[in-house]
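The values are calculated or read from the model by the stated rules, or taken from the named source; none is laboratory data. Here the structure is a predicted model, which means the values were calculated and not measured. Methodologically, a virtual Cβ is constructed for each residue, glycine included, from the backbone with ideal geometry; neighbour enumeration extends over all protein chains shown. Note: accessible area is taken over every heavy atom of the protein model, side chains too, but ligands, DNA and RNA are not part of it. Shrake-Rupley method; radii C 1.70, N 1.55, O 1.52, S 1.80 Å.
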Amino acid sequence: MFFKSVLAGATMLASAVFGATAASALTVGFSQIGSESGWRAAETTVTKQEAERRGIDLKFADAQQKQENQIKALRSFIAQGVDAILLAPVVETGWESVLEEAKDAEIPVILLDRTVSASDDLYLTAVTSDLVHEGRVAGQWLVENVGDRACNIVELQGTTGSSPAIARKKGFEEAIAGHDNLKIIRSQTGDFTRTKGKEVMESFLKAENGGANICALYAHNDDMALGAIQAIKEAGLKPGEDILVVSIDAVPDIFKALDAGEANATVELTPNMAGPAFDALEAYLNDGVVPPKWIQTESKLYTQADDPMKVYEEKKNLGY
Ligand code: AHR
């Protein structure tokens, strides 16, 4: 009797264990763009942590900013027969063939943080923020804070051809449209990096009377804004005062800049794209639940009034 019940208990335990293993022992390939920004580093950290927490075997491939490397990684994941693929696509176009190959192999692909121009039946879902909305929020902040005075804006764009660069530009332009005192006088890519943000800002300052003609900087991410802040300081001007600074991501360092009065506003992009992506994937593979084509993450505006050092403390160890 005792033996029987121990056996029954062991069987239940085994089936619970094996059941859990069967449900969660997924192998997922992740093609990451690279490590151009603090935000990207945090997304990588969070994805690895989420995978580990769920018992997912994550195969990670860093594309070093090159689409051809991402396509190679996807083909290698397909050849290995992974259960699913996460793709953070560096640019919007050029994905049709490889996504068709994944579809033919019945491997679901989930887009992370950026979108593609390919037909949406080639991927399971896309976990992204509303990238146009982020640009609108940044533009709206300027509209509300500049008032009626004439304001020449310089823009640091993200990677050319990437969905956030395209959408954040669009949203910002929509927000300032009809406000004739706000004018974008220069706009160039800084490739989402601190180094290029600084370099391009230096050239803007030089071309615009040492910065005297510039009233505001809009950067498509915080890293470029942080590089530009350095350039503005080196030009003898006060970022945040002489030149207003608004950007996107909400990385820890921008909160230090907000606290120092050197940045004015940032729109938060959560680095936790993997959580919702794995939730959707597990529900799909285990229970056949088909997710919506777009799983939208939240965007939140932070300014100097939002206790920046408190937010910095909360974020500083999150993998940025
Ligand atoms: O796709 C999201 C963007 O890519 C982030 O805003 C930027 O920092 C990153 O590199």
Checklist entry - Taking region 205-222 as the region of interest, how many residues are assigned to a helix (DSSP H, G or I), in contact with a strand residue (DSSP E or B) (Cβ under 9 Å, 6 or more places away or on another chain) and more than 21 Å from residue 261 (Cβ to Cβ)? => result 1
Checklist outcome for this item: Restricting region 281-319 to residues that are surrounded by 13 or more Cβ atoms within 10 Å (Cβ to Cβ) and of a type in the set (Val, Ile, Thr), the one farthest from residue 107 (Cα to Cα) turns out to be 303
Checklist entry - Within the group 165, 225, 175, which residue is farther than 22 Å from residue 33 by Cβ, assigned to a helix (DSSP H, G or I) and in contact (Cβ under 8 Å) with a residue 24 or more places away in the chain? => result 175
Item to check | Members of region 36-63 that are of a type outside the set (Lys, Arg), open to solvent by 30 Å² or more (accessible area, probe 1.4 Å) and either at negative phi or within 13 Å of the ligand (Cβ to nearest atom) (or both) | outcome: 41, 45, 49, 52, 57, 58, 60, 62
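Can you tell which of 246, 251 is touching a helix residue (DSSP H, G or I) at 6+ places or on another chain (Cβ under 7 Å) and under 30 Å from residue 85 (Cα atoms)? Spell out the reasoning first.
Working: 246 fails: under 30 Å from residue 85 (Cα atoms).
When all the criteria are applied, what remains is 251.
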Checklist outcome for this item: Condition set more than 19 Å from the chain's Cα centre (by Cα) and among the polar types (S, T, N, Q), scope region 79-99, selection most open to solvent (accessible area, probe 1.4 Å): answer is 80
Checklist entry - What tally of residues in region 75-120 results from selecting those that are of a type in the set (D, E, K, R), more than 16 Å from the ligand (Cβ to nearest atom) and in contact with a helix residue (DSSP H, G or I) (Cβ under 8 Å, 6 or more places away or on another chain)? => result 6
